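Have a look at the structure below before the remarks.
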Amino acid sequence: MRLERFPGRRKAVAPQARAVANPYTFGAPVAGWVTNHSLVKSAPFSAQTLENFFPTSTGIALRGGSIKRATISALPVESFITYNANGTKKIWACDANSIRDVTSPASPTVPPSADVSGQTSGYYAYVNFTTSGDSFVIAVNGTDFLQLFSTAFGWSAVNGLATYRLNFDAQTVNFPSSGTVTGGTSGATATIVKNIDNGATGSLLVQSITGTFQDNETITGGGGSAKADIPTGVVQVSAAITGVNTSLLSHVWLYRNRLMFIEGGTMRARFLPVDSVTGAIGTLNLSGVFQRGGSLLFGATWSMDTGAGIDDKCVFVTTEGEAAVYEGSNPAGSTAAEWNMVGRYDITTPMGKRGTMRAGGDLIILTKEGLVPISSAITKDAAALSLAAISRNIEPDWKREAARRLSLPWEIVKWPDMNYAIVSLPITSTGQEAWSFVVNLETGAWCKFVGWETRCIELHNSRLFFGTNDGKVYEGEINGNDDGNPIAYTYVGNPDHMKSLGRLKTVREARATFLSATPYTPLISFSVNYSVSLPPAPTAADGGTVDLWDSGLYDVMKWDQAAPTPSIGGGQWISIGKTGYVVQPQLQITGYLGFRPNTEFVQMDVTFENGGVVV
């Protein structure tokens, strides 16, 4: 028997499928920091973390650094006061005891002498006001006499007594800034409220004069001695403010060329005559207007356009978050045409009397619910105000910090030159972070500045200053490091399914594109599946010129060259190798430049491979 073999048909084996690398681009988060959206369907071009990157209309730019400009004491810097008139620009820093000129301090570590001392609070409200007579700063804090500044007479306290200037020369012993001065020949006396000492010459600001001082007579007081230099007699510096103890005035603002005040702890507003910084003060009692109790906290002017005019309205805000809006030009008027209440509205609890900002034709108020336009408060219930808040994109973070930092007042400053507004977040307890919230004035995109301890903030001469809890004054956006400390720039994108929801994918490679004219050292990484894990921040060695990509810096300048025009540059592709069903791009830069950075992140390109559906 013969066995025969019958061969079967041979079939070709299908080749193994090749993985296909797909391209994808993460655009820069020009929508800014967004934490109030669903993680599954995040806002496009947004970030879960955006620290020290500022969102522009084209990318995210590295913020500038800061430098210490002054030290005023060991006490917290509670507020700033600025003056801008007659070609003179000044800024003062205020602690609980004093007001000190920090316009051009001789040393950043040696406190300048106090222009005003003996105070009991450093939290001032102030306005610049030009009358037909002079240009002034008026400052009040609710516990000390109103302070009035002019370039002619410096600072003086204003209360129920007129203030006069008694000039002197041939001084042999310095006078104090308090006590009594007596004329040796005339026997006249006066109470010293301030000594303006220029060496052998100077002036005493005095009140409560009895008798008539004579020119060239010897004047003595408090151990001081000089000759009176008053050929035409003493000169009145300021009249009195009568009708109120000015130490009770806690807030001041301008409304239709009139100084308006809040009498602290009450429901009374006060006002002076038009075009005047002194005189008989009027009273506006609002006790029957509000429904939730508390007291008046601040007032402000709400203009329906971008300027000041007949459409301006006067807004009064209480500690309990109620706002009353009035219109008219005369608070003492008896007719509706002179003074009329528009309405009472709920805005939720305000975060401080200096927490307001004018934006176009609106008044923006810092509240526990967010940054709320007054125009929204008059049309919405208080429970829905957060939906209309400018800060809605960061609502969870705003409310959390408002609850944590409620014991100290917040402030906001608009900086048009930098196209942003910055919100101070004072540190109220040990362990709290030094943060500030920042919003793009044009796009409304938010970010967080980390490393600036902003107890208070102020814009002076188009420069940003902030004060700290340990008595220091810093200038921001001034170089590429924070007073000798590196700056950590961090971006974490919101979760992205890369157009394949629920499907596994592996990010293979990535590269970033920048528009830059200064050195930078980027570090790219990815997190997956909603779990953010950042690698250690890159080290800025050699002033930020170290290159982690082994591909050279991207068309940036050398240290000894002038900054060229920013140019587009990108590095080589780098390996990532992260797998998940949702991914988050991450970018870190450590800055330590001796000049302000000019670097903007534009986009991140990746290649990825799709896998199966996660089951």
Run the accessible area of the range 27-139 with a 1.4 Å probe and give the carbon-and-sulfur part as a rounded percent. 54 percent
Could you sort out which of Lys90/Lys227; Lys194/Lys414; Lys448/Lys578; Lys380/Lys448; Lys41/Lys380; Lys41/Lys448 sit more than 30 Å apart by Cα distance in this structure? Lys90/Lys227; Lys194/Lys414
Using just the alpha carbons, could you tell me how many Å³ per residue the convex hull of the range 326-429 encloses? 127 Å³
For the range 73-189, compute the orientation-averaged projected area of the C-alpha convex hull (one quarter of its surface), in nm². 9.6 nm²
With the Cα gyration tensor of the range 344-398 giving a ≥ b ≥ c as the square roots of its eigenvalues, does the rule (a/c under 1.5 for rounded; else a/b larger than b/c for prolate; else oblate) give rounded, prolate or oblate? rounded
Roughly speaking, what is the stretch gain from Arg292 to Ala200, that is 0.36 nm per residue apart minus the C-alpha to C-alpha distance, in nm to one decimal? 27.3 nm
Ignoring ligands, DNA and RNA, what accessible area per residue does the chain give at 1.4 Å, in Å²? 42 Å²
Just need the relative contact order of the chain here, percent rounded to a whole number, with Cα pairs under 8 Å and 6+ apart. 16 percent
Quickly rank 235-241, 505-511 as a protection proxy: mean count of other C-beta atoms within 10 Å, highest first. 505-511, 235-241
Among 570-578, 473-481, how do they line up from the highest to the lowest mean number of other beta-carbon atoms within 10 Å? 473-481, 570-578
Let me test this: with uniform point scatterers at the alpha carbons of the range 422-478, what is the Debye-based log₁₀ I(q)/I(0) at q = 0.14 1/Å? -0.38
Tell me, what is the percent relative contact order of the range 382-495, built from C-alpha pairs under 8 Å that lie six or more residues apart? 16 percent
Let me have the 222 nm mean residue ellipticity of the chain computed from DSSP H runs of 4+ only, each contributing -39500 (n - 2.57), with the sum over all residues rounded to the nearest 500. -500 deg cm²/dmol
On alpha carbon coordinates alone, what is the Rg over Rh value for the range 139-194, Rh being the Kirkwood radius? 1.01
In square nanometres and to one decimal, what's the mean projected area of the convex hull around the Cα atoms of the chain? 40.0 nm²
Percent of accessible area on the range 160-279 owned by carbon and sulfur, 1.4 Å probe? 49 percent
For the chain, find the longest principal axis of its Cα atoms and tell me its angle to the long axis of helix 395-404, 0 to 90°, nearest 10. 50 degrees
Which whole-number percent is the relative contact order of the range 204-350 (Cα, under 8 Å, 6+ apart)? 14 percent
If every alpha-carbon in the range 150-308 counts as one equal scatterer, what log10 I(q)/I(0) does Debye give at q = 0.21 1/Å? -1.22
Applying the gyration tensor rule to the Cα atoms of the range 104-162 (axes a ≥ b ≥ c; rounded if a/c under 1.5, else prolate if a/b exceeds b/c, else oblate), the class is oblate
Which percent, nearest 5, of DSSP beta bridges in the chain are antiparallel? 95 percent
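The values are calculated or read from the model by the stated rules, or taken from the named source; none is laboratory data. Note that the structure is predicted; figures quoted are calculated from it, not measured. With ideal geometry, Cβ positions are generated from the backbone for all residues, glycine too; neighbour counts draw on all protein chains shown. To get the accessible areas, we keep the full protein, side chains included, count just its heavy atoms, and leave off ligands, DNA and RNA. Shrake-Rupley method; radii C 1.70, N 1.55, O 1.52, S 1.80 Å.
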